[in-house]
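Chemist: Dumping the structure here so I can ask a few things about it.
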């Protein structure tokens, strides 16, 4: 199913061919023939219909698709917060069995623990894993600095803006040093300015660590700006429509939104989604 | 420049904030008004003093009972009963309520029974309790326990059901075990709601105390008002009511202070 289509139609003018693609190493994450059904009172709904995706290590992978296409559900399956009806998901060579700290997650809703300070939130996973106090402090300080939160380390979530809370959520997930970072429309609830600055921050942080990311969004600009490869999904029942590799060099910045190569990718994805979105207005 | 809104305008706007001094002034005014009406009714001779005692008579009763030590003795007796009933009830209801709101099995097992018992008037059990337990302090503690426990259970179960599942999910993806999630996520997340529940049910505990003491007791504030009624000492009845009100106010204040210390992050 997963055919990598490296933009055949559009010529890509004047762009350094990104260091991105070429999946030579074995994939870190393998989603194999995953199907997800759920039953309501009256009927059985197929949310995800046999998806297979291989995400190589150190890649920023993005899933886009119309709303209700099951992209968030897929992320929850990878996180182990839900189980597929059939198929399997492997991280490294191990089949996923329930949630675990090797798959850190940033949720769309604000999920900071309101009774803990910013520092204590970031420390939460380390504490659960019994990391010694001195080491904990080093790690927490590092991620607070990287995400620009050092000045707010004693604040409670109530005192923070939405953007700041998502920064803490990112720092909290990264502090655990997961094998893969799952992000479920993390900037979906933010205003566009905050969203842009969060994208910038995420680019900067990601380019330092190159930790494998699986990022779900319905914002195509966001997908192209951040991603190395984009998995385009169909409307429900969600299938993989196409895998698009983004040939834009890193480090990236917000100005690249105007690059011809960016626009070429965008045109391609819009085309892929065009037929999917038309009947889906009421979602 | 925006026109400054008049105080009257603010007072008539739904949910608008008014200056702090005004709030205190209004609160004081209402108290003064109540006492003034009371004074007019009594000193003015409109009501007979065997039905409505004057403020000075109530103060007189206070000094009389305070000086011979009976007042503090009965306050202590009541306080003991309320605290015992309330604490025993809370110690069981808080963990059990959390489990009931968190685990569907516990909910399925307990909810129907609890909802049945919850609607039975506690007062109707009093004769039964007297028969079973007698008229000692245990009986009164049981009445308070029965009056508060089932309400607490249902309210705390609701609180824990209201804790966002996303918080638990987030903790799992950070490496929390189910036990961790229960102790380090669910419980602290539910704590503000638990404190609210305890504060509200403490008020109910005072109500049940008086019920228990009116029926069968040989000490306590309910008991002295019952005795006062037989001797037409209306001033003592009023004193007992006022003391219960003040004690309620006092326990409420203590709960607020504890809440602020414990769950200040929620405000």
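Chemist: Wholly within the stretch B:68-182, which helices (runs of 4 or more DSSP H) include no fewer than the required count, namely at least 3 residues that are assigned by TED's automatic domain parsing to the domain that holds residue B:237 and free of Cβ contacts under 8 Å to residues at least 24 places away in the same chain?
Modeler: B:70-102, B:104-118, B:126-133, B:165-173
Chemist: Being in the same structural domain as residue A:38 (by TED's automatic domain parsing), at pLDDT below 95 and within 14 Å of the chain's Cα centre (by Cα): is that true of residue A:65 here?
Modeler: It is true that residue A:65 is in the same structural domain as residue A:38 (by TED's automatic domain parsing), at pLDDT below 95 and within 14 Å of the chain's Cα centre (by Cα).
Chemist: Provide a single number: the residues in the stretch A:83-108 that are surrounded by fewer than 16 Cβ atoms within 10 Å (Cβ to Cβ), within 12 Å of chain B (Cβ to nearest Cβ) and in contact (Cβ under 8 Å) with a residue 24 or more places away in the chain.
Modeler: Within the stretch A:83-108, residues that are surrounded by fewer than 16 Cβ atoms within 10 Å (Cβ to Cβ), within 12 Å of chain B (Cβ to nearest Cβ) and in contact (Cβ under 8 Å) with a residue 24 or more places away in the chain number 0.
Chemist: Still on this structure: Condition first: part of a helix (DSSP H, G or I), closer than 17 Å to residue A:109 by Cα, in contact with a strand residue (DSSP E or B) (Cβ under 6 Å, 6 or more places away or on another chain) and touching a residue at least 24 places away in the same chain (Cβ under 8 Å). Can you find one or more residues in the stretch A:173-194 that meet it?
Modeler: Checked the stretch A:173-194: at least one residue is part of a helix (DSSP H, G or I), closer than 17 Å to residue A:109 by Cα, in contact with a strand residue (DSSP E or B) (Cβ under 6 Å, 6 or more places away or on another chain) and touching a residue at least 24 places away in the same chain (Cβ under 8 Å).
Chemist: Please go through the stretch A:158-196 and pick out each residue that is crowded, with 16+ Cβ neighbours inside 10 Å, away from chain B (no Cβ under 14 Å) and over 13 Å from the mean Cα position of the chain (by Cα).
Modeler: Within the stretch A:158-196, A:163, A:164, A:167, A:190, A:194, A:195, A:196 meet the criteria.
Chemist: How about the stretch B:85-128: which of its residues are under 16 Å from the mean Cα position of the chain (by Cα) and surrounded by fewer than 18 Cβ atoms within 10 Å (Cβ to Cβ)?
Modeler: B:87, B:88
Chemist: Among the numbered criteria (1) touching a strand residue (DSSP E or B) at 6+ places or on another chain (Cβ under 8 Å); (2) buried (at least 16 other Cβ atoms within 10 Å of the Cβ); (3) part of a loop (DSSP other than H, G, I, E, B), which single criterion is violated by residue A:58?
Modeler: Every condition holds for residue A:58 apart from (2).
The values are calculated or read from the model by the stated rules, or taken from the named source; none is laboratory data. Here the structure is a predicted model, which is why all the values come from computation and not from measurement. Every residue, glycine as well, gets a Cβ built from its backbone with ideal geometry; the counts of neighbours run over all protein chains shown.
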